[in-house]
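First the structure, in the form of structure tokens, and then the observations on it.
None of the figures in this text is laboratory data; all of them are computed from the coordinates on show. Not measured: the values here are computed from a predicted model. Cβ placement follows ideal geometry from the backbone for every residue including glycine, while neighbour counts extend to all protein chains displayed.
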Amino acid sequence: MSSNGKNEPEAAVERDLWLGFDLGGTKMMACVCDSEFRILGRKRKATKGHEGSEAGIDRVKQVIDRALEEAEVTVERLAGIGIGIPGPVDTEAGIVLETPNLGWKNLPLREILEKQYGCPVVVLNDVDAGVYGEYRLGSARDARCVVGLFPGTGIGGGCVYHGEILTGDRISCFEVGHMRVQPDGPLCGCGQHGCLEAVASRLAISSAAARAAYQGSAPHLKQIAGTDLSEIRSGVLAESIREGDVVVEQIVREAAEKLGMAAGWLVNLVGPDVLLLGGGLVEALPGIYADEVQRAAEAQVMPSFRGSFRVCVANLGDFAAVKGAAAWAQKKVKEKESVEPVVRRLA
């Protein structure tokens, strides 16, 4: 109420914050960011993909709510949400088409979250988000063309070309983890045999390392993690190698070489100036991955492409995808805002 006793409308809350969300195969994280993508609040939670999409959406909302609480801001401050998903998405409709490692299919995620939070929501592939984050804010900043490869629970890929995420007409692409590199290889989560992620993901590496520990050829690994796949994570693999488990290093190098071969094929296709490596596995073993991918890619490309690209390691760590998703949401929302007045004038 004003000094003259009349009721006056409350001033509108400025929508000046962006929320990025990274949905991974094993964990999910939300970060509330300002316009410069400084993190004001964050929350992380286990994904528990086996519980299904309905329970998964509830967990996503819980994580978003807790991140807002930590940032000490209300939902009315959100200008937009960007959420990275581990699988192909319909980028126009905001629909999760498929998540091979979570079991989500044809989920209208944008509609669900816009209804819940009352702000624009942008849905994109999680590695696209990570690559865009590194392009905007990290080690691939302002590259003409950057191709990203992120080995983790699976293997994701993404490409930013002249500032735009490369996609199909409506569907995210660059599903490099499902390139068949070994047709007679093991079964992949997507249903095919011999996909790159079936032979070179952290899960594939951990499985081979567990076998080595069981057979007695990786004694340090057996001592610290046994043969339990859930315990053989990126940091454990790195420690095993540092402590002299030669066979584990060989397993990792062979996987990195396969990743480099796939990277070489991609260089032949799109001619990037930067090959970006990211994810927890690369973060734990940056030297091995940078060396093996550079060597294998150089051997795979046409002679004209040798020396035309550099391999770099992502430097935003766990925040590449969340910051990238937030930055992409900002870009798309502002583009829409700049177009709408023109459309109204022309109508």
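Some notes on this structure:
- A full extension of the chain between Asp228 and Arg141 corresponds to an added length of 27.5 nm, given 0.36 nm per residue minus the alpha carbon distance.
- Over the C-alpha trace of the range 139-315, radius of gyration and Dmax come out as 16.3, 51 angstrom.
- Working note: Karplus 6.51/-1.76/1.60 with θ = phi - 60° gives the range 306-313 the couplings 5, x, 8, 9, 10, 9, 9, 9 Hz, where Gly and Pro are set to x.
- Only Lys, Arg, Asp and Glu carry charge here, each on its Cβ (+1 for the first two, -1 for the last two); on that basis the chain has a dipole of about 160 debye about its Cα centre.
- Solution diffusion estimate, µm²/s, Stokes-Einstein, the range 206-308, Kirkwood Rh from C-alpha pairs, 20 °C, viscosity 1.002 mPa s: 149 µm²/s
- Where N is the number of residues in the chain, Cα Rg divided by 2.2 N^0.38 Å: 1.06
- Near-label residues of the range 183-213 by backbone N, under 16 Å of a point 7 Å along Cα→Cβ of Glu257: 199-201, 205
- The modelled label-to-label distance for the pair Met302/Arg44, using points 7 Å beyond Cα in the direction of Cβ, is 4.3 nm.
- Helical contribution to [θ] at 222 nm, DSSP H n ≥ 4, -39,500 (n - 2.57), averaged over the chain, rounded to 500: -13500 deg cm²/dmol
- 5 angstrom amide H check on Leu316, placed H, neighbours 5+ away: Ser139
- In this rough spin-label picture, where each label sits 7 Å from Cα along the Cβ direction, the Lys115-Arg66 distance is 2.5 nm.
- Separation between Cα centres of the range 13-42 and the range 255-325, rounded to whole Å: 26 Å
- Projected label distance in nm at Arg242 and Asp16, using a 7 Å step from Cα toward the beta-carbon: 4.3 nm
- Entries of Lys105/Lys258; Lys45/Lys336; Lys61/Lys323; Lys48/Lys222; Lys61/Lys115; Lys45/Lys323 with Cα pairs more than 22 Å apart: Lys105/Lys258; Lys45/Lys336; Lys48/Lys222
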